[in-house]
Amino acid sequence: MKISVIIPTYNSSEFIIKAVSSVIQQSKKPYEIIISDDGSTDNTIQLLQEYINKNRVNIRINIIKNNHKGPGAARNMGIEDSTGDWIAFLDSDDYWLRDKLEKVEKKVIYTPNINFICHNEIWISENNLKKKVNYETGYNHSIELFSQLYLKNYFSTSAVVCQKELFIKYGL
């Protein structure tokens, strides 16, 4: 299972190193990390390049520099650059627990007919209060998902892992 991790970023110098570190430190290493910069005007790119040079990791890391068009466009550029068969997103101000990719891989192995995964999250406020967010709450398995999305968002970008072919098939 080749997982490409896509991290869109924009003026994220305060957070980006923690996000990238959480991917590099995964118990199951990703196939590659693609950081898709959305035209940052701060020192995000410089910090990333210094971090990568200092921490010589054995994972392909590619930094794409884009014009400022928003996080969706930055994610799409990352998908287009990716070479893995699965895409995992991580917003630049988020980070993953160490076993996230390992758990995702196990889920795919034990449930080979799936092509999209979204897991729960823990939100941490500025004053360090934690809140578990269960995206399945309220989801009705007997009703088509598409119609339910008008009522509630069941996905968080940093909790989504999807087969790349779905993005290609449906036009990014």
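A short reminder: the numbers here are calculations on the coordinates, not readings from a lab. These figures come from a predicted structure and were not determined experimentally. Here the Cβ positions follow ideal geometry from the backbone for every residue, glycine too, while neighbour counts run over all protein chains shown.
Here is how the number arises for the chain: DSSP H runs of 4 or more residues each give -39500 (n - 2.57), the sum is divided by the residue count, and the result at 222 nm is -8500 deg cm²/dmol. By DSSP, the beta bridges lying fully in the chain are antiparallel in about 40 percent of cases.
For the stretch 120-163, the residues whose backbone nitrogen is under 16 Å from a point 7 Å from the Cα of Lys106, taken along Cα to Cβ, are 120.
Straight-line reach from Lys18: taking Cα to Cα under 15 Å and skipping same-chain neighbours fewer than 8 places apart, the aspartates and glutamates in range are Glu50, Asp91, Asp93, Asp94. Computed packing ranks the peptides 142-150, 116-124 as 116-124, 142-150, most packed first, by mean other Cβ atoms within 10 Å.
The string of couplings for the stretch 46-61 from the Karplus curve (6.51, -1.76, 1.60, θ = phi - 60°) is 4, 4, 4, 5, 5, 4, 5, 5, 6, 10, 2, 9, 9, 9, 5, 10 Hz, one whole number per residue in order, with x for Gly and Pro. Just to be sure I follow the rule: in the stretch 20-107, considering lysines 8 or more places apart or on different chains, how many pairs have Cα atoms under 17 Å apart? Lysine pairs meeting both conditions in the stretch 20-107 amount to 8. Across the chain, Cα pairs under 8 Å and at least six residues apart give a relative contact order of 28 percent.
Computed over the stretch 110-172, relative contact order equals 40 percent, with contacts defined as Cα pairs under 8 Å that lie 6+ residues apart. Among 102-115, 8-21, the peptide with the highest mean count of other Cβ atoms within 10 Å heads the list, and the full ranking is 8-21, 102-115. Straight-line cross-link reach from Lys169 at under 21 Å between alpha-carbon atoms covers these lysines, not counting any fewer than eight positions away in the same chain: Lys2. Label-to-label distance, Asn134 versus Phe15, with points set 7 angstrom from Cα along the beta-carbon direction: 2.6 nm.
Charged neighbours of Lys28, selected by a Cβ distance under 11 Å, balance to +2 (K, R count +1; D, E count -1).
Label zone (Tyr51, point 7 Å along Cα-to-C-beta; backbone nitrogen cut-off 19 Å) within the stretch 1-23: 4-23.
Excluding Leu145 itself, calculate the net charge of residues whose Cβ lies under 12 Å from the Cβ of Leu145, where each Lys or Arg counts +1 and each Asp or Glu counts -1.
Net charge in that neighbourhood comes out at -1.
Packing around the peptides 41-49, 131-139, taken as the average count of other Cβ atoms within 10 Å per residue, puts them in this order, highest first: 41-49, 131-139. Put the Cα centre of the stretch 38-70 next to the Cα centre of the stretch 109-167 and the gap is 27 Å.
Applying 1/(1 + (r/R0)^6) with R0 = 35 Å to the Cβ-Cβ distance of Asp42 and Ile143 gives a FRET efficiency near 0.20.
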